[in-house]
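K.L.:
The structure's right below; bear with me while I get my questions together.
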Amino acid sequence: MKTIRRNFLKVAAVAALGWGIRPAAQLFASGGAEPSEGLLLASRHAVHSGPNALKAGRWAMVIDTAKLNEQNMAEIVRVCHSIHNVPAISGPQEIKWIWETKMDHLFLDDLHEFQPEAAAKTALALCNHCDNPPCVRVCPTKATFQREDGIVMMDFHRCIGCRYCMAGCPYGSRSFNFMDPRPYIESTTPEFPTRTKGVVEKCEFCAERLAEGKMPACVEVSDGAVVFGDLADPESEVRKLLAERFSIRRSPTLGTKPCVYYLV
Amino acid sequence: MYDKSKIFAGLAVFVVVMTYPFWNNIGSAAYVRPELEKPKNSQACVENVELMRTEHMSMLNEWRDEVVRDGVHEYHSKTSNQVFQKSLTKTCMKCHENKDKFCDKCHNTVAVDPYCWDCHVDPKGVQK
């Protein structure tokens, strides 16, 4: 009798274990609408855009580093930060959506010290709206999520300020509100919300402007240095630029598949 | 029954404390609905007044999820068949332009403190 009960318990334990693993295995295999989605890849939110909205299969940005200079970069940063109520805080608690930075900080793997004299020394950095965004995968509340058209969005309402996304983002594109940002906003734009203490923020490819049929603000004021368009459309301006010119992306070896391209 | 006097004394204290809010308010003025500033530039809200009075908070809650997460920006009114943009600052506050004389009136009277304005900007000015 004893051996029979022993065997029964063994089989029951293995069976229970199997049932326990099954849902997890399914999640890993496919959790979302597409087979490629699941725990290992972020699921994507559908976008129902209005009649005037600009639509795309996959939004992407192309930055022509040769056309950037001190003035237009400063103007792009100023316009972006003013329409999005980004506070001006200096030091380690700085908040930025788009900013000027050195080329060798942008491209850690691709540049060497013997670059041509005329080559751009600085360029703009912003959220890369990765195809495989680590920030979305680590967010415990899905406050940051990816739309079907590729935009990595922030839902400020849901952000609990855990800053996992900041640890996950290899580009430093995210900033945390260590304090109430309102006293640091020079003139507030009423159409766009400010953030509150304890919330992470970043560039959203001007999703609120795309919904109204407008191009992102940086594109509008850049004088052609920043181009925005649909990567899925072979006739789009971004695709034509990428086909004509040599372009690089920031740290593509990390596997995040960034969608901001730099013409060098 | 042991300690009868202590038990009844305790019960009496309990009843008095529990009913304090009721008899304390006897004689005081009944709740008066605050007088709100009506918009000057429009006649009707996105829905009728009764629905807005009871449901505006859940409506705004739904709007924010639908706009931010699903990108659905249009609201189709059930009463007027009109289409509105789902936006607190671009739709609601365009008519109810004075937060102090509209939102705050009721919220202060019933002592609720919604955190909309921690982030969303009162078009009449930001308190710094």
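We did not get these values from a lab; they are worked out from the coordinates using the rules stated. From a predicted model like this one, the values you see are computed outputs, not experimental measurements. FYI the Cβ positions are ideal-geometry reconstructions off the backbone, even for glycines, and counts take in every protein chain you see.
K.L.:
Restricting the calculation to Cα positions, tell me the Rg (one decimal) and the Dmax (whole number) of segment A:41-161 in Å.
P.N.:
According to the Cα coordinates of segment A:41-161, Rg and Dmax are 16.9, 50 Å.
K.L.:
Sticking with this structure for a sec: 7 Å from Cα along Cα→Cβ at both B:ASP65 and A:HIS48: what's the point-to-point distance in nm?
P.N.:
Rounded to a tenth, the inter-label distance reads 1.4 nm.
K.L.:
Would you be so kind as to identify all helices of chain A, as entire DSSP H runs, whose Cα atoms reach 30 Å or more along the helix's own axis and whose mean Kyte-Doolittle hydropathy is at least -1.0? Don't skip to the answer; put the middle values down first.
P.N.:
Numbers: long enough: A:2-29 (40 Å, 0.53).
Span-like helices here: A:2-29.
K.L.:
Show me, bin by bin at 5 Å from 0, the whole-percent P(r) of segment A:90-209 based on Cα pairs.
P.N.:
For segment A:90-209, the binned pair fractions read 2, 10, 18, 21, 18, 14, 9, 5, 3, 0 percent.
K.L.:
Further question on the same structure: In cubic angstrom, how much convex hull volume per residue do the alpha carbon atoms of segment A:200-264 span?
P.N.:
Taking the convex hull of the Cα positions in segment A:200-264, it is 126 Å³ per residue.
K.L.:
Please report the antiparallel percentage of DSSP beta bridges with both residues in chain A, rounded to the nearest 5.
P.N.:
Bridges in chain A that DSSP calls antiparallel: roughly 75 percent.
K.L.:
Got a sec? Charge dipole of chain A, +1 on Cβ for Lys and Arg, -1 for Asp and Glu; which of A:MET61, A:PHE114, A:GLY18 is way out at the positive end?
P.N.:
A:GLY18
K.L.:
If you fit an axis through the alpha-carbon atoms of helix B:49-70 and take the longest principal axis of the Cα set of chain B, what angle between them do you get, 0 to 90°, nearest 10?
P.N.:
60
K.L.:
Going by how many other beta carbons lie within 10 Å of each one, how would you line up A:MET153, B:MET1, fewest first?
P.N.:
Numbers: A:MET153 21, B:MET1 5.
Listing A:MET153, B:MET1 from fewest to most nearby Cβ atoms yields B:MET1, A:MET153.
K.L.:
Also: What does the extension gain come out to for B:ASP100 and B:ASN48, with contour length at 0.36 nm per residue minus their alpha carbon separation?
P.N.:
16.5 nm
K.L.:
Treat each spin label as a single point 7 Å out from the Cα along the C-beta direction, and report the A:LEU241 to A:PHE178 distance in nm.
P.N.:
Spacing of the two 7 Å Cα→Cβ label points: 3.5 nm.
K.L.:
I would also like to ask the following. Restricting things to alpha carbons, tell me how big segment B:49-119 is in terms of Rg and Dmax, in Å.
P.N.:
Cα-based Rg and Dmax for segment B:49-119 come out at 12.7, 35 Å.
K.L.:
On to the next question. Quick one: how many lysine pairs in chain A have C-alpha atoms under 23 angstrom apart, if they're 8 or more apart or on different chains?
P.N.:
The result is 26.
K.L.:
Along segment B:94-107, what does the Karplus equation 6.51 cos²θ - 1.76 cosθ + 1.60 (θ = phi - 60°) give for ³J(HN,Hα), rounded to whole Hz, x for Gly and Pro?
P.N.:
For segment B:94-107, the Karplus curve yields 5, 8, 7, 6, 10, 4, 4, 9, 10, 4, 5, 3, 6, 4 Hz.
K.L.:
Continuing with the same structure: May I ask you to sort A:ILE83, A:ILE185, A:ILE76, A:ILE21 by Cβ crowding, counting other Cβ atoms within 10 Å and putting the fewest first?
P.N.:
A:ILE21, A:ILE83, A:ILE185, A:ILE76
K.L.:
Here is a follow-up. Divide the volume of the convex hull of the Cα atoms of the protein assembly as shown by its number of residues and quote the answer in cubic angstrom per residue.
P.N.:
299
K.L.:
Among the trypsin sites (Lys or Arg not before Pro) in segment A:49-115, which ones are in a DSSP loop with at most 15 other Cβ atoms within 10 Å of the Cβ? Mind listing them? Don't skip to the answer; put the middle values down first.
P.N.:
Numbers: sites: A:LYS55, A:ARG58, A:LYS67, A:ARG78, A:LYS96, A:LYS102; in loops: A:LYS55, A:ARG58, A:LYS96.
Sites meeting the loop and neighbour criteria: A:LYS55.
K.L.:
Mind checking A:182-188 for the average number of partner chain beta-carbons within 10 Å of each residue's beta-carbon? Can you show the working numbers first?
P.N.:
On the way: counts 6, 2, 1, 3, 0, 1, 6.
Partner Cβ neighbours, averaged per residue: 3.
K.L.:
Please compute, for peptide B:112-122, the average count of beta-carbon atoms on other protein chains lying within 10 Å of each residue's beta-carbon.
P.N.:
Counting other chains' Cβ atoms within 10 Å and averaging over B:112-122 gives 4.
K.L.:
Between A:PHE8 and A:ARG163, what FRET efficiency comes out of the Förster formula 1/(1 + (r/R0)^6) with R0 = 51 Å and r the beta carbon distance, rounded to 0.05? Before the final figure, lay out the partial values.
P.N.:
Working: r = 50 Å, r/R0 = 0.98.
E between A:ARG163 and A:PHE8, to the nearest 0.05, is 0.55.
K.L.:
Ranking B:MET52, B:MET57, A:MET103 by Cβ neighbours within 10 Å, fewest first, what do you get?
P.N.:
B:MET57, B:MET52, A:MET103
K.L.:
Could you tell me the calculated FRET efficiency between B:THR109 and A:ALA16, based on Cβ-Cβ distance and R0 = 51 angstrom, to the nearest 0.05?
P.N.:
Values: r = 57 Å, r/R0 = 1.13.
My answer for the efficiency is 0.35.
K.L.:
How big is chain B by the Kirkwood estimate over distinct Cα pairs, in Å?
P.N.:
Working: mean 1/r = 0.0544 Å⁻¹.
About 18.4 Å, per the Kirkwood formula over Cα pairs.
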